[in-house]
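Worksheet for the structure shown next.
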Amino acid sequence: MSPGMVPIVIEQTGRGERAYDIFSRLLKERIICVMGPIHDDMSSLVVAQLLFLQSESSKKPVHMYINSPGGSVTAGLGIYDTMQYIRPPVATWCVGQASSMASLLLCSGTPGMRHSLPNSRIMIHQPSGQASGQATDIMIQAEEIIKMKRVIKDYM
C-alpha cells in the first residue's frame, strides 16, 4: 500500500481529537499486520512491533494478521525467532493467504491461538533456490537449501 493510501482514523480523547494512521491504531490494540511479500524491511518492522508490544505488556496477547505470498527465508525466520522469544502469547490469523514462509509464521502462533478465516488459503512447499558458479559453490548452496528445509520442517 502506498503511503498516500493509508487511511487515517480519528479518536476522541479527554484532550480532544487524535489522528492515527490505521496501522498505528491497530498496534495500539496489539494487532500486527503482515501483508504482502516478506522481505528484510517488513521483517524489521514486524520484529520492532513485537518487541515494543512485549515492552508494553508481557502478558496481553499479540494478534498477528497474515495475508502474504511468503518471501525471504531469512527475513521470515527473523520474525519467527522473535515470536518465539517474546513472552506474550501470539495469536495468528490467516486472512487471504499464508503461503511459503508466511505459512511458517501462521503455524508459529501460540498453540490453540492459530486461526484461518473460511476463505483463506495456506500453501506449504519445499524451499527452492537458484544456483550458479563453480561446482563447489553449487554444492554449498544446495546444502544450505537442504539445511533450511530441515529447519523449517522442524518448526512446523
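Every listed requirement among (1) outside the structural domain of M113 (by TED's automatic domain parsing); (2) modelled with pLDDT of 95 or more; (3) not basic (K, R) is met by Q12 save one, (2). Go through (1) of a type outside the set (S, T, Y); (2) in contact with a helix residue (DSSP H, G or I) (Cβ under 6 Å, 6 or more places away or on another chain); (3) more than 27 Å from K147 (Cβ to Cβ); (4) buried (at least 19 other Cβ atoms within 10 Å of the Cβ) and name the single condition L50 misses. Only one criterion is unmet by L50, namely (3). Cβ-Cβ contacts under 9 Å between residues 6 or more apart (or on different chains), taken from a first residue in region 60-79 that is closer than 22 Å to S24 by Cβ to a second residue that is part of a loop (DSSP other than H, G, I, E, B) and among the acidic types (D, E), are listed as H63/E29. Looking across region 106-132, the residues that are surrounded by 10 or more Cβ atoms within 10 Å (Cβ to Cβ), modelled with pLDDT of 75 or more and not polar (S, T, N, Q) come down to L106, C107, G109, M113, R114, H115, L117, R121, I122, M123, I124.
Of the residues making up region 74-91, those that are within 19 Å of V151 (Cβ to Cβ) and in contact with a Leu (Cβ under 9 Å, 6 or more places away or on another chain) are G76, L77, I79, Y80, T82, M83, Y85.
Only one of (1) in a helix (DSSP H, G or I); (2) touching a helix residue (DSSP H, G or I) at 6+ places or on another chain (Cβ under 9 Å); (3) within 30 Å of E143 (Cα to Cα); (4) among the hydrophobic types (A, V, I, L, M, F, W, C) is not met by A98, so which one is it? Tallying (1) in a helix (DSSP H, G or I); (2) touching a helix residue (DSSP H, G or I) at 6+ places or on another chain (Cβ under 9 Å); (3) within 30 Å of E143 (Cα to Cα); (4) among the hydrophobic types (A, V, I, L, M, F, W, C), A98 fails exactly one: (1).
The values are calculated or read from the model by the stated rules, or taken from the named source; none is laboratory data. Predicted model only: the values in this text are computed from it and were never measured. Cβ atoms come from the backbone with ideal geometry, glycine included; neighbour counts cover every protein chain shown.
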